[in-house]
1. Relative to the longest principal axis of the chain, what angle (0 to 90°, nearest 10) does the C-alpha long axis of helix 57-66 take?
2. Please give the length that would be gained between residue 62 and residue 9 if that part of the chain were fully extended, namely 0.36 nm times their separation in residues minus their C-alpha to C-alpha distance (nm, one decimal).
3. Per-residue counts of other Cβ atoms within 10 Å, averaged by peptide: what ranking do you get for 43-56, 73-86, 24-37, highest first?
4. Any idea of the accessible area per residue across the chain, 1.4 Å probe, to the nearest Å²?
5. Based only on the alpha carbon positions, what is the Kirkwood hydrodynamic radius of region 4-47, in angstrom?
6. Leaving out ligands, DNA and RNA, and with a 1.4 Å probe, what % of the accessible surface on the chain is carbon or sulfur?
7. Given q = 0.10, 0.18, 0.25 Å⁻¹, what are the Debye log10 I(q)/I(0) values for the chain, with equal point scatterers placed on the Cα positions and solvent ignored?
8. Within a Cβ distance under 15 Å of residue 26, other residues only, what is the Lys/Arg minus Asp/Glu net charge?
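The values are calculated or read from the model by the stated rules, or taken from the named source; none is laboratory data. Everything numeric here is computed off the predicted structure, so don't read it as measured data. Backbone-built Cβ (ideal geometry, glycine too); neighbour counts: all protein chains shown. Quick note on the areas: whole protein, heavy atoms, side chains included, nothing else; ligands and nucleic acids left out. Shrake-Rupley method; radii C 1.70, N 1.55, O 1.52, S 1.80 Å.
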Amino acid sequence: METAAPPPLVPVPAARYTHVRGRRVIIGVPGVGFRGDLRADDPVVQGGRTFVPVLTEQEYYRAELHHVEAFAILVPVDRVWVEEPGPVATEQL
């Protein structure tokens with residue numbers, strides 16, 4: 001029996017989205033480092049710059065479950081990528 005593998009996750013720049021609330025994201029700077037296992041809220045504009053509020057998955061689910069406010073850091077939109085399912089490989093191993 002052949003089972004299908006899950007699709008790989010492909011990072012897509014968050015600037016392409018208007019709504020990212022609850023989506024898994026990666027933050028970082030190329031050449032410096034990245035951090036995953038994070039969730040985002042919808043972008044906000046402050047002082048003419050766009051930021052994405054980002055928090056850990058644990059804090060995100062705690063806030064959703066208990067209907068409380070959670071502290072989120074504001075990350076410039078050009079340093080945030082949304083995880084999207086990519087194409088599934090069709091070649092056999």
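1. The answer is roughly 70 degrees.
2. 16.6 nm
3. 73-86, 43-56, 24-37
4. 73
5. 12.3
6. Numbers: 3830 of 6790 Å².
Answer for the chain: carbon and sulfur cover 56 percent of the accessible area.
7. Debye curve over Cα of the chain, log10 I(q)/I(0) at q = 0.10, 0.18, 0.25 Å⁻¹: -0.32, -0.83, -1.26.
8. +1
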